Every structure is written in structure tokens, then in C-alpha cells.
Amino acid sequence: MATRQVGPNSWRRNLAVLWFGTFMAGIGFSEVMPFLSLYVDSLGHFTRNELSLYSGLAFAASYLVTAIASPLWGKLADRTGRKLMLVRASAGMAIVFIFMGLVTNVWQLIGLRLLQGVFSGYISNANALIATQVPKRRSGQALGTLVTGNVSGALLGPLLGGTLASFFSYRVTFFITGALFVGVFLVTTFMVHEDFKPVAKSKMLNTRGVIGELGNSKLVLGMFVTTMIIQAANNSIVPILALYVRQIMDNSPATTFYSGIVAAVPGIATFGAAPFLGRLGDRIGADRVLMVGFILAIAVYVPMAFVTNVWELIGLRFLIGVANASMLPAVQSILAKNTPPHVTGRVFSWNQSFQAMGNVAGPMIGSVVATSFDYAGVFISTAVLVVINLTLVFNNTRTMRKARKQKA
């Protein structure tokens with residue numbers, strides 16, 4: 001079984017190192033996304049429909065495989081330790097991104113995107129490692145801080161990727177991304193410390209056994225569904241966001257510039273708010289922070305459908321960033337506080353699988369709604385998803401509210 005590190009400040013050191021690791025990973029994952037479809041276009045002579053199909057496959061491939069592979073890696077993490085999985089993920093990503101810069105046809109790229117999904121798990125295992133080491137009363141603060149690493153990296157990534165692709169080429173950007181992951185691999189290998197006693201394969205619990213180890217399995221399993229809906233809601237507007245900006249700006253030449261601002265603003269808000277909301281969750285209950293975040297999101301998504309200028313949209317997107325800062329960190333804090341250390345790897349990997357499913361489902365939902373109705377309808381449907389999530393969380397966290405009343 002896993003044991004917590006003896007040193008009282010060891011989790012702080014690991015948190016600092018893994019913050020840097022998730023920051024670099026956030027840059028690496030996001031810096032190629034702005035031009036992925038353009039890279040696909042450069043690999044052949046495609047019709048518009050073929051380009052849309054291949055771009056969609058290239059985008060979704062890694063998420064689909066992540067949903068399948070994550071539980072397998074999570075089981076191995078509980079047997080061999082989280083650090084080994086961090087090293088495996090960063091090394092695999094470095095190799096995959098370097099080879100992406102060498103592809104000669106679209107199917108090679110799609111194959112490597114599938115392989116990228118196989119080597120997923122850096123961020124989920126970073127969360128799991130910190131969750132097993134930090135005192136449970138400080139898990140919200142620690143996980144809230146850790147999420148800012150990935151968010152800030154993802155915020156900087158598209159800007160960096162677009163700049164590199166403009167000055168050099170798409171292929172060089174993939175090579176640079178691979179080099180970033182080499183850096184993550186080295187930092188993780190030499191600076192992350194984990195006190196872990198390997199578990200014999202014969203003593204590993206099966207899925208039913210893991211669920212049986214959970215003190216409140218209904219709550220934990222409910223958080224998986226909550227994570228999936230959070231990601232589906234956040235990503236449902238991705239396919240239409242730039243198009244919506246173009247619509248409300250009447251095809252202004254500045255559309256591209258403002259689309260970038262609209263896309264980036266939530267990340268800025270999340271970066272600033274997540275640590276504070278994590279500490280607040282430790283004090284008053286992560287479930288309360290989560291539900292307030294949902295209520296704020298509902299109150300913001302609905303008026304997004306009726307904005308008349310881009311500055312109204314930017315202001316509302318900032319508020320969505322604040323709401324987002326209360327969501328996944330709160331879910332992860334609830335999971336950390338309700339999961340025994342020796343099954344944390346699998347629980348967090350299952351959560352990553354549901355997160356990946358949300359990443360795939362969200363854009364599909366948004367595209368279908370936009371095609372059937374209009375862009376404004378996507379924001380209304382997203383608000384409906386959040387209402388469903390709020391209802392689920394309210395029902396699934398009754399035991400947490402009851403426990404607080406008994407302590408009062």
C-alpha cells in the first residue's frame with residue numbers, strides 16, 4: 001500500500017515541481033491546437049468535407065483513447081507508484097510530439113494522436129500524487145493551486161504556438177513541443193519524490209474491490225459524472241465561439257484578435273480565482289463552492305446568448321472563468337477527501353476517463369445544437385447541462401451536508 005511521505009514539507013516541494021510540470025504540459029498540449037487543422041490541410045489535397053472529417057478525427061482521437069487507457073494506467077499507478085506514471089507520460093509525450101513533426105500523411109498524424117492518448121495521464125497522476133500526500137484539510141488549496149499550472153500553460157500555449165508557427169513552421173513547433181516534454185520528463189525524474197511501497201499484483205483490488213474501499217461510493221461515482229458534464233459544458237461552445245464573435249462583430253477585420261481575447265479571458269480568471277476558492281472549499285466545504293460555481297455559470301451562460309457586442313461577451317466569459325475555478329478543483333478535492341491513498345491512482349484515472357468523454361461529447365453537442373438552431377442556442381443548451389449537473393451534485397452531496405450538521 002502507498003504511504004504518505006514523512007517530511008512535513010515534502011508535499012509542498014512536490015507541489016511546486018508538479019506545478020511547473022503541469023504548466024509545461026499545458027503549454028505543450030495547447031500550443032499545437034490553433035493550427036492542427038491547418039497542419040492536416042498541409043498533409044494532402046482535401047475537399048472541405050474531407051478536411052473537416054480528418055481534422056475532427058485528429059482532434060478527437062487522443063481523447064477517445066485517453067478514456068479507454070486511463071483506468072489501465074491508474075491501476076498500474078496504484079501498484080507501482082504515481083511518479084513512475086508521471087515519468088512514463090512525459091517521456092511518451094516527448095516522443096510522440098517529435099514524431100508528429102515528421103509525418104508525411106494525415107493517417108500517420110491521426111495514428112500519433114491515438115498514441116498520444118495512450119501516453120496520457122501526466123496531469124491526473126500529478127493530482128493523484130498530491131492528493132495522497134497533502135493533509136486532507138488542505139487538499140482544496142493544494143489542488144486548486146495545482147490546477148493553475150495547467151490553466152496558465154494552456155493560456156500561454158496557443159499564443160506561443162501561433163507565434164512559433166508564424167516565424168518557423170508547423171513542424172518546428174511540434175519539435176519544440178517535444179523538447180518541452182523532455183524538460184518535463186527531466187524535472188519529474190529528478191525532482192519529484194514519492195515514498196511508495198509497491199503492491200504485489202496478486203494483492204491488487206479489482207474494480208468492485210476498489211469501489212468497496214470507498215467510504216461513500218455514490219458520492220465518488222457521482223463526481224465522475226459531474227466531471228464529464230463540466231467538460232461537456234465547457235467544450236460545447238468551442239466549435240462556435242469564434243463564429244459567434246464574428247457574428248456579433250459583423251465580420252469585422254478585428255474578429256480574429258477579439259476571438260483570441262474571448263478564448264483566453266476565462267483562463268485568466270481561473271488562474272486568479274482557483275487557489276482562493278480552493279482554500280474557501282477547505283473552510284466551508286468543497287460541495288458548497290461547487291454548487292455556487294454552477295449557479296454562477298447558469299446565470300452567465302444564459303445572457304451570453306443575448307449579447308449585443310464583444311465586450312459584453314468578454315465580461316461574461318471572465319465570470320465563466322471564475323465559475324470554472326470552483327468546479328474541477330472542488331471535484332478533485334471531494335475525491336481526495338473520500339478516497340483511500342492506496343486506490344487514489346485508479347479513482348483519479350477513472351475521473352480522467354470521464355473528463356475525456358466530456359471533451360469529446362461537448363463539441364459534438366455544440367455542433368448539433370448550432371446546426372439545428374443557431375449559435376445562441378448553444379449557450380442555452382450549455383446552461384441546461386449545468387442545471388442538470390447542479391441537480392446531480394445537490395443529490396449526491398447530501399451526506400456531506402449531513403456530516404457538517406452533525407459536527408455543528
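The values are calculated or read from the model by the stated rules, or taken from the named source; none is laboratory data. Everything quoted here is computed from the prediction, not taken from an experiment. Cβ coordinates were reconstructed from backbone atoms using ideal geometry, including for glycine residues, and neighbour counts include every protein chain displayed.
Of everything in the range 10-63 that is over 27 Å from ASN127 (Cα atoms) and of a type in the set (Val, Ile, Thr), the residue that is surrounded by the fewest Cβ atoms within 10 Å (Cβ to Cβ) is THR47. Looking only at residues in the range 251-303 that are under 18 Å from the mean Cα position of the chain (by Cα) and among the aromatic types (Phe, Trp, Tyr), the one that is nearest to ARG138 (Cα to Cα) is PHE271.
Residue by residue through the range 359-378, note down the ones that are surrounded by fewer than 24 Cβ atoms within 10 Å (Cβ to Cβ) and either within 20 Å of the chain's Cα centre (by Cα) or without any contact (Cβ under 8 Å) to a residue 60 or more places away in the chain (or both).
Looking only at the range 359-378, we keep the residues that are surrounded by fewer than 24 Cβ atoms within 10 Å (Cβ to Cβ), and these are 359-361, 363-365, 367-377.
Matches in the range 359-378: ASN359, VAL360, ALA361, PRO363, MET364, ILE365, VAL368, THR371, SER372, PHE373, ASP374.
Look through PHE348, PHE354 and report the one residue that is part of a helix (DSSP H, G or I), among the aromatic types (Phe, Trp, Tyr) and touching a Leu at 6+ places or on another chain (Cβ under 8 Å).
Going through PHE348, PHE354 in turn, the sole match is PHE348.
When GLN116, GLN108 are screened for being modelled with pLDDT of 85 or more, farther than 25 Å from GLY278 by Cβ and crowded, with 20+ Cβ neighbours inside 10 Å, only GLN116 passes.
Residues of the range 376-408 that are small (Gly, Ala, Ser) and within 19 Å of GLY281 (Cα to Cα): ALA403, ALA408.
Within the range 379-408, can you find the residues that are outside any helix (DSSP H, G or I) and buried (at least 20 other Cβ atoms within 10 Å of the Cβ)? Let's see the steps before the verdict.
Our first condition is that a residue be outside any helix (DSSP H, G or I); within the range 379-408, this holds for 397, 408.
Selection gives THR397 alone.
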